[in-house]
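Colleague: Here's a structure for you.
The values are calculated or read from the model by the stated rules, or taken from the named source; none is laboratory data. Computed from a predicted structure; not experimentally measured. Don't worry about glycine lacking a Cβ; one is built from the backbone with ideal geometry, like all the others, and counts go over all protein chains shown. Side chains included, ligands, DNA and RNA excluded: accessible areas come from the protein's heavy atoms. Shrake-Rupley method; radii C 1.70, N 1.55, O 1.52, S 1.80 Å.
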Amino acid sequence: METGMEFKNIGLRGVVVASTNIGDVDGSAGRLVYRGYLIKDLSGKASFEEVVHLLLNEILPTRDQNKAFSAQLAAERAVPAELIAALKTRPNSALPMDILQASASMLAHHDPEVEDPSREASHRKAIRLIAKFATVVAAWERIRNGQEPIDPDPNLSHAANFLYMMKGEVPDEDIAGFFDAALVMHAEHGFNASTFAAREIASTRAHMYAAVAGAVGSLSGELHGGANTRVMEMLMDIGSPEKVESYVKEQFDAGQRIMGLGHAVYKVDDPRALILAPMSKTVGERFGESKWYEMSALLEKVAKEEFKKRKNRDIYTNVDFYSASLYYMMGIPMDQFTPIFAIARIAGWTAHIIEEQFAEAAPKPMLYRPESDYVGDYCGPEVCEFVPMEDR
Ligand SMILES: CC(C)(COP(=O)(O)OP(=O)(O)OC[C@H]1O[C@@H](n2cnc3c(N)ncnc32)[C@H](O)[C@@H]1OP(=O)(O)O)[C@@H](O)C(=O)NCCC(=O)NCCS
């Protein structure tokens, strides 16, 4: 645009908008930390329930605390019958993220504490949302396929129960374990777009469900959580390893992005991608579907080389690159990958909403209100003169 004006949109890159005790993303070291713990020490070692406890209660639970906390979460899994009835009225073609966003608002209608401003009530609401989100996603999968939703099984872990409610079969231990590790890896990620959206909404003193509904909307976009679905669509489009190279070149020639590559903060490999890649390989070997991992690994290599050649800088895989093939091989429908991201990230969102509401890392709660630079018209040096409708 040739206007002589300087336009700005820095996407808030590098701007520190608030302090937090919850998570740290160190983009140059490739380090992700949840309340002081490295992701590589948590994923596959601590369960999703333990990590939710860590995020919400600031400490890893003892054995007894974990038992009690897991039972508390399991007891909150059921969703109101009215919500299930409402979902049954939705067209099958409704996007799963839209269903989840609407459900976040509908769950508010059934929470008697929705407007209770106390910290204790916020903590209870967080537990309810974390527990119920998984049930909503699984229920929608059944409903849109003309099946009855499956009641949660309180004897199963959060991860195993989700797969059971979605697919109707209790997963074996290994698959439940991989899924649990994936949930842990997606639970928190500092001031990413959806968490920032949640905090911004919470800063207005809107309630937790409103903040979460906004966060779901933010996550749905393909530059954020929606990328995992796009990665799988891309792998399917490519179809076979021989076509990877030409696909990458065509994409770059057309100025298109390769989904699952690049990150606003990481300037090295995303530590979660480093854990997810071998998981995708193992699950592929187990199901005799190594093709997806192999294509992904080749695509990563070729795209990194091509990017370097064309732009003279490096690009790296992000969390969505290998989680896509992992979920696909677990039999999860592609358009449910992003809702699955949400059923994990709800843990981080709610922890951040509470931190924002109660100024737990700030001197006092503050409404977010950035400024913009007006580059519009004034019809000359002064303001525009208003002309009544009849004289225009
Ligand atoms: C996530 C993302 C928005 C971060 O972008 P960013 O690096 O902060 O900043 P920009 O969007 O300005 O991109 C910087 C440059 O890298 C290029 N680039 C970034 N990601 C790219 C990708 N996935 N494929 C090809 N080129 C990419 C951009 O075209 C841009 O090039 P230019 O400077 O020549 O215009 C971006 O990497 C992206 O769109 N990735 C694909 C979607 C995705 O996987 N999202 C999930 C993120 S966890």
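Colleague: Assuming R0 = 22 Å, can you tell me the calculated FRET efficiency for the pair ALA264 and ARG286, based on Cβ-Cβ distance, to the nearest 0.05? It would help to have the intermediate numbers written out before the result.
Modeller: Details: r = 34 Å, r/R0 = 1.53.
So, using R0 = 22 Å, E works out to roughly 0.05.
Colleague: Regarding the range 79-169, what's the average projected area of the Cα-atom convex hull, expressed in nm²? Walk me through the intermediate numbers first.
Modeller: Values: hull surface 24.3 nm².
Quarter of the Cα hull surface area: 6.1 nm².
Colleague: Would you mind giving the average projected area, over all directions, of the Cα convex hull of the range 244-352 in nm² with one decimal? Walk me through the numbers before you get to the answer.
Modeller: Numbers: hull surface 30.8 nm².
Dividing the Cα hull surface by four gives the mean projection, 7.7 nm².
Colleague: Any chance you could check the Cα centroid distance between the range 47-76 and the range 123-143 for me, in angstrom?
Modeller: 16 Å
Colleague: Same structure, new question: Among the listed pairs LYS132/LYS364; LYS243/LYS309; LYS249/LYS311; LYS125/LYS167; LYS67/LYS132, which have their C-alpha atoms separated by more than 22 angstrom in this model? Display every interim value, and only then the final one.
Modeller: Values: LYS132/LYS364 31 Å; LYS243/LYS309 19 Å; LYS249/LYS311 13 Å; LYS125/LYS167 27 Å; LYS67/LYS132 19 Å.
From the list (LYS132/LYS364; LYS243/LYS309; LYS249/LYS311; LYS125/LYS167; LYS67/LYS132), the Cα-Cα distance tops 22 Å for LYS132/LYS364; LYS125/LYS167.
Colleague: Could you state the principal axis extents of the C-alpha atoms in the chain, from the largest down, to the nearest angstrom?
Modeller: So the three principal-axis extents are 71, 58, 45 Å.
Colleague: In addition: Say R0 is 35 Å: what FRET efficiency, to the nearest 0.05, do LEU38 and HIS109 get from their beta-carbon distance?
Modeller: Numbers: r = 40 Å, r/R0 = 1.13.
Approximately 0.30, to the nearest 0.05.
Colleague: Mean separation of Cα pairs under 8 Å and 6+ residues apart, divided by the residue count of the range 273-392: what relative contact order is that in percent?
Modeller: Relative contact order here is 21 percent.
Colleague: Ok, one more. Give, as a single signed number, the net charge of other residues whose beta carbon lies under 15 Å from the beta carbon of GLY255, with Lys and Arg counted +1 and Asp and Glu -1. The partial results should precede the final answer.
Modeller: Details: positive: LYS249, ARG257, ARG310, LYS311; negative: GLU250, ASP253, GLU306.
Charge balance in the 15 Å sphere: +1.
Colleague: Hydropathy at least -1.0 by Kyte-Doolittle, axial extent at least 24 angstrom from the Cα trace: which helices of the chain, defined as entire DSSP H runs, fit?
Modeller: Working: long enough: 119-144 (37 Å, -0.14); 271-287 (25 Å, 0.18); 290-311 (31 Å, -1.16); 337-357 (29 Å, 0.61).
Membrane-span-like by this rule: 119-144, 271-287, 337-357.
Colleague: Now for a different question. What translational diffusion coefficient, to the nearest whole µm²/s, does the range 76-124 have by Stokes-Einstein, given a Kirkwood radius computed over alpha-carbon pairs, a temperature of 20 °C and 1.002 mPa s viscosity? Intermediate values should be presented prior to the final figure.
Modeller: Working: Rh = 12.2 Å.
D, rounded to a whole number, is 176 µm²/s.
Colleague: A further question follows. Return the long-range amide H neighbours of LEU261 (sequence gap of 5 or more, or a different chain), with a cut-off of under 5 Å between placed amide H atoms.
Modeller: Residues meeting the criterion, in which the H sits 1.01 Å from N, are ASN318.
Colleague: What is the distance in Å between the Cα centroid of the range 226-295 and that of the range 324-372?
Modeller: Here the answer is 23 Å between Cα centres.
Colleague: Using mean Cβ contacts within 10 Å as the protection proxy, how do 119-130, 225-236, 144-155, 320-331 order, highest first? Intermediate results must be reported in sequence, preceding the final value.
Modeller: On the way: 119-130: 18.9, 225-236: 22.7, 144-155: 13.8, 320-331: 25.3.
Most protected by this proxy first, the peptides run 320-331, 225-236, 119-130, 144-155.
Colleague: Report the accessible area of LEU223, computed with a 1.4 Å probe over the heavy atoms of all protein chains in place, in Å² rounded to the nearest 10.
Modeller: 140 Å²
Colleague: Another question about this same structure. What 222 nm value per residue comes from the helices of the chain, counting each DSSP H run with n ≥ 4 as -39,500 (n - 2.57) and dividing by all residues, nearest 500 deg cm²/dmol? Don't skip to the end; give the middle numbers.
Modeller: On the way: 16 runs with 215 residues, N = 392.
So the calculated ellipticity at 222 nm is -17500 deg cm²/dmol.
Colleague: Let me ask you something else. Once you list every other residue whose beta carbon is under 14 Å from the beta carbon of ASN21, what net charge do they have if Lys and Arg are +1 and Asp and Glu are -1?
Modeller: On the way: positive: ARG35, ARG199; negative: ASP24, GLU58, GLU188, GLU355, GLU356, GLU360.
Residues near ASN21 contribute -4 overall.
Colleague: Ratio of alpha-carbon Rg to the 2.2 N^0.38 Å globular estimate for the range 190-277, to two decimals, please. List each step's numbers first, then the result.
Modeller: On the way: Rg = 16.6 Å, N = 88, 2.2 N^0.38 = 12.1 Å.
Taking the Cα Rg and dividing by 2.2 N^0.38 Å, one obtains 1.38.
Colleague: Return the sequence-ordered ³J(HN,Hα) values of the range 383-392 in whole Hz as given by the Karplus equation 6.51 cos²θ - 1.76 cosθ + 1.60 applied to θ = phi - 60°, using x for Gly and Pro.
Modeller: For the range 383-392, the Karplus-derived couplings read 5, 6, 7, 6, 10, x, 3, 5, 9, 7 Hz, x marking Gly and Pro.
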